[in-house]
Amino acid sequence: MTTVLLADDQRLVRAGFRSILDGEPDLQVVGEAADGAEALTLVRELRPDVVLMDVRMPELDGLEATTRIVADPSLAGVRVVILTTFDLDDYVYGALRAGASGFLVKDTEPMELIHAVRVVARGDALIAPSITRRLISEIAGRAAKPVPTTRLNALTEREREVLELVAAGLSNDEIADRLVLSPATAKTHVSRILTKLDARDRAQLVVLAYEAGLVTPGWLG
């Protein structure tokens, strides 16, 4: 059973998400928070697998709450998905840098919400859905000027290719297809990259690749 915490200052939003998620046999909403401070308290108490975190909330915003969750070693198993709208693009990039495992737009379709929770709960990052792919590029385009780094030197040429495709928002299956690999091999490459770069998940790989200048917005087409 995957447990979920909802953090949003709008009661109707929380009610809608609860109705969708609780209708699935493998998902359970275990708590609701109306602000970031309450979300932090409940995360520490309930240890949910996934937190759906709104960006703009009173007391403590979702970005700061996410930063504190990710920084707490005792909450290493908790994954955060940021809830946003298209007019909050700047917040999304900051959220990914803070360690969020992905983001969703609030008007996402029910099946996409369900899929997102399952994907993030199993340790992957929600960075590939078509509804957000363009948004990722726009955010990355406003990232700071690439900073030289030696971290990528640990990667093989093939691993750098895989990292570029991860940064473009491709899934393991899509990477396998593009590089003519088996899905299992693609997954192994991603796992090795995560280990070598000491990254929490695929979302952090995306940020690292853009900040290092390995890829630029829209390079894949």
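The values are calculated or read from the model by the stated rules, or taken from the named source; none is laboratory data. Computed from a prediction, not measured in an experiment: that's the story for all the values here. Ideal geometry is used to build each Cβ from the backbone, glycine not excepted, and the neighbour counts take in all protein chains shown. Note: areas computed on protein heavy atoms with side chains; ligands, DNA, RNA excluded. Shrake-Rupley method; radii C 1.70, N 1.55, O 1.52, S 1.80 Å.
Restricted to the stretch 174-217, and to residues that are closer than 18 Å to Gly102 by Cβ, in a helix (DSSP H, G or I) and touching an Asp or Glu at 6+ places or on another chain (Cβ under 8 Å), which residue is modelled with the lowest pLDDT? Result: Arg202. Restricting the stretch 161-171 to residues that are part of a helix (DSSP H, G or I) and open to solvent by 30 Å² or more (accessible area, probe 1.4 Å), the residue that is farthest from Tyr210 (Cα to Cα) is Glu161. Exactly one residue out of Glu38, Glu24 is at pLDDT 95 or above and assigned to a loop (DSSP other than H, G, I, E, B): that is Glu24. Contact map, the stretch 171-188: first residue assigned by the TED database to the domain that holds Ala116, second residue surrounded by fewer than 15 Cβ atoms within 10 Å (Cβ to Cβ), Cβ cut-off under 6 Å, separation 6 or more or different chains; the map is empty.
Among residues that are part of a strand (DSSP E or B) and crowded, with 20+ Cβ neighbours inside 10 Å, Leu5 is included. The test for being in contact (Cβ under 8 Å) with a residue 12 or more places away in the chain, of a type in the set (Val, Ile, Thr), in a helix (DSSP H, G or I) and in the same structural domain as Ile114 (by the TED database) does not hold for Val51.
Being of a type in the set (Val, Ile, Thr), in contact with a strand residue (DSSP E or B) (Cβ under 8 Å, 6 or more places away or on another chain) and more than 18 Å from Glu112 (Cα to Cα) is a property that does not hold for Val4. Within the stretch 23-60, the residues that satisfy the criterion of being of a type in the set (Asp, Glu) and more than 25 Å from Pro110 (Cα to Cα) are Glu38, Glu45, Glu59. Among the residues here, Thr41 qualifies as over 20 Å from Gly169 (Cβ atoms) and either touching a residue at least 60 places away in the same chain (Cβ under 8 Å) or of a type in the set (Ser, Thr, Tyr) (or both).
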